[in-house]
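Asks: I'd like to ask you about the structure that follows.
The values are calculated or read from the model by the stated rules, or taken from the named source; none is laboratory data. Here the structure is a predicted model, which is why all the values come from computation and not from measurement. Heads up, the Cβs are rebuilt from the backbone with ideal geometry, glycines too, and the neighbour counts pull from every protein chain shown.
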Amino acid sequence: MSYILILIILWLLIYKGYKFVTGKPPNTPPAQDSSTCKELLNKKEFDGRIVDSDYFKARAFGKQLGIFFVDGSYWQEQRRFALRHMRDFGFGRRQEKWENDVLHEVSKLIEIINTGAHNDEEKTVLRSGTYPTALFPDILFHITAGSIWAIISGEKIDRDDHEQLRRISRAAMTLQRNADTLGGAILQTPWLRHFGNIFGYKKFIEGNKEITDYIREYVDERVLHGMAAHREDDSFIDRYLRKIEDNRKRGSTSSFSRDQLLILLTDFMFPSLSALPSSIATCIKYMMHFPEVKKKVQDEIDSIVGPDRLPILEDRKMLPYTEATIRELLRYETSTPLGVPHVATENTLFCGYSVPANTIMLTNLAAMHHEPELWGDPYRFRPERFLNANGELYKDPSLPFSAGHRVCAGETFSRFLFFLIFSALMQNYDPLFVPGEPSALDDNHSGLIVTPKDAWIQLKPRA
């Protein structure tokens, strides 16, 4: 028996069914339904994260950095600073400049699809033929990555340099598909990381390094040329670097550092590099499987927006079926089935049970999103479930971005960008299957999130 098989058997014994063994870490009780998930997520005693893990610290230079896998006052200070300043550049709120920049990029995407690739790199994501054929989700990378990059750096990436955005987005996908939020077998037995890529660790580290190296090179250049101190065209990176310098001059000790900035930016970019384009690609796939839903979306867009301009965020409230379709996709295809693990920061009670400090708590969001008592027919793809009898949207009970203090900081940003890209694609194209390409709705990769397999899709221009 090879050592590989021995390790696989060991992994199955330790980690079968996402249940932790007693000891280190402790047993992990999951919340399964709507009420318990919401109670867990909104309970401040469960705002902790798995912080003392070589698996997660490996992506952060062996330290506890960023905002994903840190907690306590460190997390609060970094999150508060980031959101306060990033909102000034359009993150998480309506801002005309940001929206216009996104619409410009969406318009450019449609132009690229319609006119064809103009260099060898673009040919890796776009083919000509009877109809343009695009590789999903890769065809979307320059928009989703470029939109968050513009917020944090204050700069837009030209078409000739889109390869940079696709490169770091593919690195993020590599990381996503070779890891999971629970740390897998490596969280249980850290020495397994030394055995090549059997458990995805090597590719996990390589993907993370590709992203942090890209950010580090940019930040170093900013510092080298003194841009952060003298730029009139402000950006989040500039403000963070100024904060570091101000603290240095005062001689104060704080959580602000260059390494922290790199991992913080990686954490904020990560969803736009991988999760968001993956969800949009999945939604396009669903439109091919459910043509009746696609037709209703397109009819609504045709009626309200017409063919002469792109949908804008102001249209969102007048396109309830389109918005309901996005919500239904995020419910039906829960990208993080067990959410991101929470940790009890102190001894507490939950649903009548005593929970010791340091217990890892899971929210089974996939189960909640398919709870018959809440949804009626949860295994049917039906956007109408989010509409009342008058066709109006009602309060969304799903939790694709989690909830509570640890809710995804990029929820509003992601919903805005999802709507602008998806509605524009539905306005302009009918997606068609390509024979031999992954097309089944369950043909996915599991990892940090669930992602669809890369697939070529024909985009037939609508008359």
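Asks: Would you point out which residue out of SER354, SER398 is at pLDDT below 95 and hydroxyl-bearing (Ser, Thr, Tyr)?
Replies: The unique qualifying residue is SER354.
Asks: Of the conditions (1) at pLDDT below 95; (2) outside any loop (DSSP other than H, G, I, E, B), ASP442 clears all except one; give me its number.
Replies: All conditions are met except number (2).
Asks: Could you list all residues from the range 318-351 that are part of a helix (DSSP H, G or I), touching a strand residue (DSSP E or B) at 6+ places or on another chain (Cβ under 8 Å) and either among the aliphatic types (A, V, I, L, M) or surrounded by fewer than 18 Cβ atoms within 10 Å (Cβ to Cβ) (or both)?
Replies: Of everything in the range 318-351, just one residue is part of a helix (DSSP H, G or I), touching a strand residue (DSSP E or B) at 6+ places or on another chain (Cβ under 8 Å) and either among the aliphatic types (A, V, I, L, M) or surrounded by fewer than 18 Cβ atoms within 10 Å (Cβ to Cβ) (or both), namely ALA324.
Yes/no matrix, rows are residues, columns are (1) more than 15 Å from the chain's Cα centre (by Cα); (2) among the aliphatic types (A, V, I, L, M); (3) more than 29 Å from VAL125 (Cα to Cα); (4) in a loop (DSSP other than H, G, I, E, B):
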{"position": "ASP396", "(1), (2), (3), (4)": "yes, no, yes, yes"}
{"position": "PHE413", "(1), (2), (3), (4)": "no, no, no, no"}
{"position": "ALA424", "(1), (2), (3), (4)": "yes, yes, no, no"}
{"position": "ASP430", "(1), (2), (3), (4)": "yes, no, no, no"}
{"position": "ILE457", "(1), (2), (3), (4)": "yes, yes, no, no"}
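Asks: Okay, next question. Take the residues in the range 161-179 that are modelled with pLDDT under 90 and not small (Gly, Ala, Ser); name whichever of them is surrounded by the fewest Cβ atoms within 10 Å (Cβ to Cβ).
Replies: The residue in question is THR174.
Asks: Something else: Name the residue that is surrounded by the fewest Cβ atoms within 10 Å (Cβ to Cβ), counting only residues in the range 126-142 that are touching a residue at least 40 places away in the same chain (Cβ under 8 Å) and closer than 16 Å to LEU165 by Cβ. Lay out the reasoning, then the answer.
Replies: Of all residues in the range 126-142, those touching a residue at least 40 places away in the same chain (Cβ under 8 Å) come to 127, 129-138, 140-141.
Okay, now just the ones that are also closer than 16 Å to LEU165 by Cβ, so 134-138, 140-141.
On the way: ALA134: 27, LEU135: 18, PHE136: 24, PRO137: 25, ASP138: 20, LEU140: 26, PHE141: 26.
Result: LEU135.
Asks: Among the residues of the range 13-49, which ones are assigned to a loop (DSSP other than H, G, I, E, B) and at pLDDT 85 or above?
Replies: ASP33, ASN42, LYS43, ASP47, ARG49 - these are the residues of the range 13-49 that are assigned to a loop (DSSP other than H, G, I, E, B) and at pLDDT 85 or above.
Asks: Let me ask another. Quick check on my filter: what residues within the range 426-443 are acidic (Asp, Glu) and free of Cβ contacts under 8 Å to residues at least 40 places away in the same chain?
Replies: To start, the set of residues in the range 426-443 that are acidic (Asp, Glu) comprises 430, 437, 442-443.
GLU437, ASP442, ASP443 - these are the residues of the range 426-443 that are acidic (Asp, Glu) and free of Cβ contacts under 8 Å to residues at least 40 places away in the same chain.
Asks: Also, I was wondering about something else. Of the residues in the range 87-114, how many are more than 14 Å from ILE139 (Cα to Cα) and of a type in the set (Val, Ile, Thr)? Don't jump to the end; show me each part of the working.
Replies: Our first condition is that a residue be more than 14 Å from ILE139 (Cα to Cα); within the range 87-114, this holds for 87-104.
Now restrict to residues that are of a type in the set (Val, Ile, Thr): 102.
Qualifying residue count for the region: 1.
Asks: Please enumerate the residues belonging to the range 135-157 that are at pLDDT below 95 and not in a helix (DSSP H, G or I).
Replies: If the condition is that a residue be at pLDDT below 95 and not in a helix (DSSP H, G or I), then GLY154, GLU155, LYS156, ILE157 are the ones that fit.
Asks: For the range 291-317, give me each residue that is touching a Pro at 6+ places or on another chain (Cβ under 9 Å) and either farther than 23 Å from PRO400 by Cα or surrounded by fewer than 18 Cβ atoms within 10 Å (Cβ to Cβ) (or both).
Replies: Residues satisfying the conditions are LYS296, GLU300, ILE301, ILE304, VAL305.
Asks: Against the definition (over 25 Å from PHE418 (Cα atoms) and β-branched (Val, Ile, Thr)), how does VAL70 come out, yes or no?
Replies: Criteria met by VAL70.
Asks: Now for a different question. Looking only at residues in the range 352-366 that are closer than 17 Å to SER34 by Cβ and of a type in the set (A, V, I, L, M, F, W, C), which one is surrounded by the fewest Cβ atoms within 10 Å (Cβ to Cβ)? Give the derivation first.
Replies: Residues of the range 352-366 closer than 17 Å to SER34 by Cβ: 361-366.
With the extra rule that they be of a type in the set (A, V, I, L, M, F, W, C), the set shrinks to 361-362, 365-366.
Working: MET361: 21, LEU362: 23, LEU365: 27, ALA366: 19.
Out of the qualifying residues, it is ALA366.
Asks: Could you tell me whether the range 151-160 includes any residue that is in contact with a Ser or Thr (Cβ under 9 Å, 6 or more places away or on another chain) and within 22 Å of GLU314 (Cβ to Cβ)?
Replies: Taking every residue of the range 151-160 in turn, at least one turns out to be in contact with a Ser or Thr (Cβ under 9 Å, 6 or more places away or on another chain) and within 22 Å of GLU314 (Cβ to Cβ).
Asks: Assess whether ARG93 counts as being out of contact with any helix residue (DSSP H, G or I) (no Cβ under 6 Å at 6 or more places or on another chain) and either modelled with pLDDT of 95 or more or not in a helix (DSSP H, G or I) (or both).
Replies: no
Asks: Let me ask something else. Looking at LEU182 and the list (1) of a type in the set (A, V, I, L, M); (2) modelled with pLDDT of 90 or more; (3) within 30 Å of TYR332 (Cβ to Cβ), which single condition is not satisfied?
Replies: Condition (2) is where LEU182 drops out.
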